[in-house]
Amino acid sequence: MKKIGLFLVVILLAFPAAGCSNDNAVDEHADHSMMMGDIHEETASASVLPTFLENHPDSIAQIYERTPHYQELLEHMPCYCGCGESVGHRSTFDCFINERGEDGSIVWDDHGAKCGVCLEIAHASMELYDNGMPVKDIRDLIDEHYKEGYAEPTDTPQPNA
């Protein structure tokens with residue numbers, strides 16, 4: 001367990017510990033819809049990333065690229081940046097993807113791209129899952145790490161055993 005805890009710490013330090021910010025200029029994104037300061041952009045599929053990522057580092061785009069494939073995992077990971085109260089998110093998944101269409105289209109949310117907490121939780125969760133950690137154990141680590149000094153978590157359902 002010490003090894004996994006150290007792994008989580010290394011992953012969490014890979015991203016800035018900044019919280020969320022809505023300082024992006026709205027004028028640049030006239031063709032996007034806005035939800036309380038967050039940009040929503042629809043693409044035809046998960047393989048087409050939103051254009052709002054063009055102004056962000058590749059590491060952020062890589063997290064967005066992986067997110068659609070980890071929906072079941074990330075829907076069980078709460079976010080601790082305050083987005084549950086501010087924009088109604090229910091889990092870390094919502095910080096990156098607002099909606100999936102039946103036709104395979106994706107409505108992306110730029111909230112995660114602007115928030116160090118969202119990026120940390122998503123990245124750490126996906127890495128730990130890829131390394132064989134059960135979803136419940138990942139959730140327990142995330143809850144433990146963010147229990148103090150962060151906003152209230154989103155109202156996210158606990159994973160089954």
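The values are calculated or read from the model by the stated rules, or taken from the named source; none is laboratory data. Since this is a predicted model, take the numbers as computed values, not measurements. Note that we place each Cβ from the backbone using ideal geometry, even for glycine, and neighbour counts take in every protein chain shown. For the accessible areas, the whole protein counts, side chains as well, though only heavy atoms, and no ligand, DNA or RNA atoms are used. Shrake-Rupley method; radii C 1.70, N 1.55, O 1.52, S 1.80 Å.
Remarks
- Here ILE39 clears all of (1) modelled with pLDDT of 95 or more; (2) open to solvent by less than 20 Å² (accessible area, probe 1.4 Å) except the condition numbered (1).
- Filter result for GLY149 (in a loop (DSSP other than H, G, I, E, B), under 17 Å from GLY37 (Cα atoms), free of Cβ contacts under 8 Å to residues at least 12 places away in the same chain and open to solvent by 10 Å² or more (accessible area, probe 1.4 Å)): no
- Which numbered condition GLY88 fails, given (1) surrounded by fewer than 15 Cβ atoms within 10 Å (Cβ to Cβ); (2) modelled with pLDDT of 95 or more; (3) closer than 25 Å to GLU42 by Cβ: (2)
- Leading residue by the ranking (most open to solvent (accessible area, probe 1.4 Å)) among those in the stretch 111-136 that are among the charged types (D, E, K, R) and in contact (Cβ under 8 Å) with a residue 24 or more places away in the chain: LYS136
- Condition check for TYR70: hydroxyl-bearing (Ser, Thr, Tyr), without any contact (Cβ under 8 Å) to a residue 60 or more places away in the chain and either on the phi > 0 side of the Ramachandran plot or open to solvent by less than 50 Å² (accessible area, probe 1.4 Å) (or both): yes
- Every residue from the stretch 73-104 that is touching a residue at least 60 places away in the same chain (Cβ under 8 Å) and among the basic types (Lys, Arg): ARG90
- Any hit, the stretch 60-67, residues being in contact with a Cys (Cβ under 7 Å, 6 or more places away or on another chain), hydroxyl-bearing (Ser, Thr, Tyr) and open to solvent by less than 20 Å² (accessible area, probe 1.4 Å): no
- Restricted to the stretch 73-84, and to residues there that are of a type outside the set (Ser, Thr, Tyr) and assigned to a loop (DSSP other than H, G, I, E, B), the residue that is most open to solvent (accessible area, probe 1.4 Å) is GLU75.
- Being farther than 19 Å from PRO157 by Cα and among the hydroxyl-bearing types (Ser, Thr, Tyr) is a condition met by at least one residue of the stretch 94-109.
- Residues satisfying the stated conditions in the stretch 91-110, i.e. part of a strand (DSSP E or B) and either over 14 Å from GLU72 (Cα atoms) or open to solvent by 30 Å² or more (accessible area, probe 1.4 Å) (or both): ASN98, GLU99, ARG100, ILE106, VAL107, TRP108, ASP109
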